[in-house]
Amino acid sequence: MFTDKAPGVAIPRGFPHRPPPAMSRLLLFLTIACGLAATANPACADDISRPNILLIISDDQAWGDYSFLGHPHIKTPHLDKLAGESLTYTRGYVAAPLCRPSLASIFSGRHAHKHGITGNDPRTPKGTKAGRTNPELASLYDTIMDRIDDEPGLAHLLGRAGYLSLQTGKWWEGDPKKGGGFTHAMTHGDPKRGGRHGDAGLQISRKGIKPITDFIAEAGEKKKPFFIWHAPFLPHTPHNPPARLFDKYRTKSASRFIARYWAMCEWFDETCGELLAHLDKEGLRNNTIVLYVTDNGWIQSANSGRYAPRSKRSPNEGGIRTPIMVRWPGKIPQKFDEQTLVSSIDLAPTILKACGLPVPSSMKGIDLRDREALAKRNAVFGASYDHDIFDVAQPTLSVQTRYVVTGDWKLLLHHGGPAPGKSAELYNLSRDPAEETDLASKNADKVRELTARLAAWWPGPERTP
């Protein structure tokens, strides 16, 4: 099912993948036990009328790299428990397989062609220095960052309803308080002090969670509901796990690079357990909605510290697929859903509706609790872009591939990029989850059908004179 030798190291071969019987029994036991504990403990209730929100965003992790999804080596007991307590979708997809546009889509509830943040950086002119401290690029960075405030995102909208909000971890869009609407933030966003994609905020979880526990205490003192954007720099490189974890996984893989990555996944899991345990300790379990998603996939190369092909930055399953979880004890029934297609743009409207707040018309996602609407949609869409934005004024010109997944079928419609000479690729994921056999040439009618669906979603970029 898995291998540490092939580029597809982290991708499960089964589709859809059912947890092993022992894991299913464990998930059921944990669900029942935690429900009884919450019922028996009145301290789990609090006086805040609106629910608190904790959004956990894993950074560079393949969708199968969890023990609850059957990975034979990686151990993730805390996320296994969360999955067993949540409405868990295993067929989740991100809007873009690259950090910055993906995070902007999660925050805004919009696809990258709508919010205009399509790459990590503007293209650096030849002969000039890269980075926000370069005067030639500074204004381009400012233009990109200003887009996060063009339409209100999660922190803006929750703030209007009285929420205190904390940004931790990854954040590309400058000062989170200025552009993102957060009331509290770890990231300063100042390029003169090394700001790019999180600066001081990237220390969260790698160096403990005190900024979060302090924030939760302050929200309690002020009797305010809270929203936490928790996007720790884990299991993202640098892959420098605790020695005890590296030693554990070094015996399980011939590649030290894979062993380090596997160890990072368990380290990330441990930090999630620490945070979730704090919610329980403070009696906040019942009135806190916990959501989980990954920003984009990662398949660890066996020969270097980098990612293998068909993962990060790729529209293949290894780059865009993620489990998506929502836990709200007593309000959202636990279910392990291996069929329904969901998108990272569904998170924002889910949060807003659960908080009793209106959803802006610019957010086209579906409430993850509305299973009937999700089944009716039966499709998710997205696009991959070049790492550097070719033209900040026309950001969608950097598009490489548009993709749609509907039922068992997946269409990749290319605009150049990583598949030169190919205009389209078509896969049947139920029969070919590793996307090894392109069926486009033998299924012209299906290609036309899904091309039309992509065009109805977004026809692609148009160059402005």
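Below is a table of values for the structure above.
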item: Hz values of 3J(HN,Hα) by residue in the stretch 135-143 - Karplus curve (6.51, -1.76, 1.60), Gly and Pro given as x; result: x, 5, 9, 4, 5, 5, 4, 4, 4
item: Highest-first arrangement of 316-323, 182-189, where packing means the average Cβ count within 10 Å; result: 316-323, 182-189
item: Within straight-line cross-link reach of K442, aspartates and glutamates at Cα separation under 20 Å, skipping those fewer than 8 residues along the same chain; result: D408, E425, D432
item: Label-zone membership for the stretch 167-208, site K222, 7 angstrom Cα→C-beta point, backbone N under 19 Å; result: 167-169, 175-188
item: Projected label distance in nm at A277 and A393, using a 7 Å step from Cα toward the beta-carbon; result: 5.5 nm
item: Cα-Cα over 23 Å, subset of K281/K331; K75/K335; K81/K410; result: K81/K410
item: Where only alpha carbons of the stretch 21-378 are counted, the Rg and the Dmax (Å); result: 19.6, 66
item: From phi via Karplus (6.51, -1.76, 1.60), per-residue ³J(HN,Hα) for the stretch 50-60 in Hz, x at Gly/Pro; result: 8, x, 6, 10, 10, 9, 9, 10, 5, 10, 6
item: Point-charge dipole on Cβ atoms (K/R +1, D/E -1) for the stretch 21-378, about Cα centre, debye to 20; result: 700 debye
item: Cross-link partners of K170 among lysines (Cα-Cα below 22 Å; sequence separation of 8 or more within a chain); result: K114, K178, K192, K207, K210, K312
item: Relative contact order %, the chain, counting alpha carbon pairs below 8 Å whose residues are six or more apart; result: 24 percent
item: Listed residues A83, A95, I56: farthest to the positive end of the dipole of the stretch 21-378 (Cβ charges); result: A95
item: DSSP beta bridges in the stretch 153-255 [antiparallel fraction, %, rounded to 5]; result: 10 percent
item: Antiparallel %, DSSP beta bridges [both residues in the chain], to 5; result: 50 percent
item: Two-site FRET efficiency, E449 against D370, from Cβ-Cβ distance with R₀ of 22 Å, rounded to 0.05; result: 0.30
item: Residue-by-residue Karplus 3J(HN,Hα) for the stretch 290-302, coefficients 6.51, -1.76, 1.60, Hz, glycine and proline x; result: 9, 10, 9, 7, 10, 6, 6, x, 7, 10, 6, 5, 7
item: Calculated FRET efficiency for the pair A254/K126, C-beta based, R₀ 35 Å, to 0.05; result: 0.30
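Here, each number is a calculation from the coordinates, and none is a lab measurement. Given the structure is predicted, the values throughout are model-derived calculations rather than measurements. Methodologically, a virtual Cβ is constructed for each residue, glycine included, from the backbone with ideal geometry; neighbour enumeration extends over all protein chains shown.
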